[in-house]
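First the structure, in the form of structure tokens, and then the observations on it.
The values are calculated or read from the model by the stated rules, or taken from the named source; none is laboratory data. Since this is a predicted model, take the numbers as computed values, not measurements. Here the Cβ positions follow ideal geometry from the backbone for every residue, glycine too, while neighbour counts run over all protein chains shown.
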Amino acid sequence: MRVSCLQENLAKGLSIVGRAVATRSTLPVLSNVLLATDSSRLKLSATNLELGINCWIGAKVEQDGAITVPARLLMDFVNSLPPDRIDMELQTRTQTLTLRCGRYEASIKGIDAQEFPIVSAGDEDHAVAVDAQTLREMIGQVSIAAATDETRPVLTGVLTDLTADGIVMVAADGYRLSLRRADIPAPGDAEAQVIIPARALQELGRISAEEQEPVRLIVSQSRSQAFFRLSSIDLITQLIDGSFPDYKQILPRSHNTRTVLNTAEFQKAVRLATLFARDNNNIVRLRIEPAGDLAPGKVVISATSSELGSNVGELEATIEGPALEIALNGRFLTEVLAVIDSAEVALETSTPLSPGVLRPVGGEDFLHVIMPMHLK
């Protein structure tokens, strides 16, 4: 193999695939990244057997070939090089990759590419094309509610329902639930209901930040893998096997009080209260007071810490329904308000012990349910 590429392109490609490199594995080759020529491009691949990423970068290929080299060493070395052309040459007999850039040269010992697991994308005939910006929004709004505790694996994933009516993504960790719909119908042969690991979706959101073309989503016929194809990147993830809880049973069907607040002001007030709530299980109190004869409706947001002190904030609000005081997790509130891009947000409540529901005002595609916290 003899190939040349720009340092900045190789560094960017390695940063994309590097997140799929296995950190602890009994197979040494999984700690490596695969470099392989592919027509007039250089293909980079990494996998930990649960997540795999392929990335293609522009290159001048003089001789075809492939090699795997230690990912961490290669990334650190390339990132330290000047922004110049990198010439790479493989000595097949010794499985050694030589890199030259400006006045720098290194020889890195690798492992034969034949030992690297195949990381390939699925059948394009069963693909659902999703607008990249819409997909990033969906991932951001839903993945915050996925569990990080591995005791219930299905809750670490995002239920993804592909139907002729569109896509629905749902995540829940037992304390909150996020649901986002998108009017992107799936072809009949692409309809599926699967659980995609939230970590894989978050990685997809990261690597698709500059993507302009639609992302093609493919679910394997065996329902064991999902493939996401971008213009120069493939992401492949194993799906989570199991039954996702019936989320429709969790969604409140009615409410007594509806409170509309300015999203940015609400987020700022909650963030301030959370500073004092951190030592008290993140308990933030919301006292909802409807408008009186002379006074407008308001929400008083407060938090108390026996060691740090207390904080009180007051916001004007449009309130329909009776007064109410409810305690919610300040961190959960902060995270959901950060992914709502509408100017105003509606908080729907029934009783102090019933879940609260947040929705963007003017948008019906997203809702977030937060379980209340019990006050002594």
Given the conditions (1) surrounded by 15 or more Cβ atoms within 10 Å (Cβ to Cβ); (2) under 15 Å from the mean Cα position of the chain (by Cα), every one holds for Thr148 apart from (1)
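Results for (1) aromatic (Phe, Trp, Tyr); (2) assigned by TED's automatic domain parsing to the domain that holds Gly188; (3) touching a helix residue (DSSP H, G or I) at 6+ places or on another chain (Cβ under 7 Å), shown as yes or no for each residue.
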| residue | (1), (2), (3) |
| --- | --- |
| Arg72 | no, no, no |
| Val78 | no, no, yes |
| Arg93 | no, no, no |
| Thr96 | no, no, no |
| Cys101 | no, no, yes |
| Glu105 | no, no, no |
| Pro153 | no, yes, no |
| Thr160 | no, yes, no |
Within region 172-195, the residues that are buried (at least 22 other Cβ atoms within 10 Å of the Cβ) and within 18 Å of Gly140 (Cβ to Cβ) are Ala172, Arg176, Leu177, Ser178, Leu179, Arg180
Among strands (runs of 3 or more DSSP E) completely within region 1-120, the ones holding 1 or more residues that are free of Cβ contacts under 8 Å to residues at least 24 places away in the same chain, over 19 Å from Gln238 (Cα atoms) and in contact with a Phe, Trp or Tyr (Cβ under 8 Å, 6 or more places away or on another chain) are 32-38, 41-47, 96-101
All-but-one check, Leu353 against (1) touching a residue at least 24 places away in the same chain (Cβ under 8 Å); (2) surrounded by fewer than 17 Cβ atoms within 10 Å (Cβ to Cβ), failing number (1)
From the option list Arg223, Arg253, Arg278, single residue qualifying as without any contact (Cβ under 8 Å) to a residue 60 or more places away in the chain, at positive phi and of a type outside the set (Gly, Ala, Ser) is Arg223
* Looking at Arg271, is it in contact (Cβ under 8 Å) with a residue 40 or more places away in the chain, part of a helix (DSSP H, G or I), outside the structural domain of Val128 (by TED's automatic domain parsing) and under 30 Å from Asp161 (Cα atoms)? -> no
On the given criteria, is Ala198 buried (at least 21 other Cβ atoms within 10 Å of the Cβ), small (Gly, Ala, Ser) and either farther than 30 Å from Arg41 by Cα or at pLDDT below 95 (or both)?
yes
Picking from Ala20, Ala66, Ala11, Ala46, the residue that is outside the structural domain of Ser208 (by TED's automatic domain parsing), more than 28 Å from the chain's Cα centre (by Cα) and surrounded by 14 or more Cβ atoms within 10 Å (Cβ to Cβ) would be Ala66
Selection from region 129-173 of residues small (Gly, Ala, Ser), touching an Asp or Glu at 6+ places or on another chain (Cβ under 9 Å), closer than 19 Å to Ile250 by Cβ and in contact (Cβ under 8 Å) with a residue 60 or more places away in the chain yields Ala145
Within region 304-328, of all residues that are farther than 21 Å from Glu344 by Cβ and among the β-branched types (Val, Ile, Thr), the one modelled with the lowest pLDDT is Thr304
Margin query: Please verify whether Asp246 is of a type in the set (Asp, Glu), free of Cβ contacts under 8 Å to residues at least 12 places away in the same chain and farther than 30 Å from Ser15 by Cβ, treating the condition exactly as stated.
Written below: yes
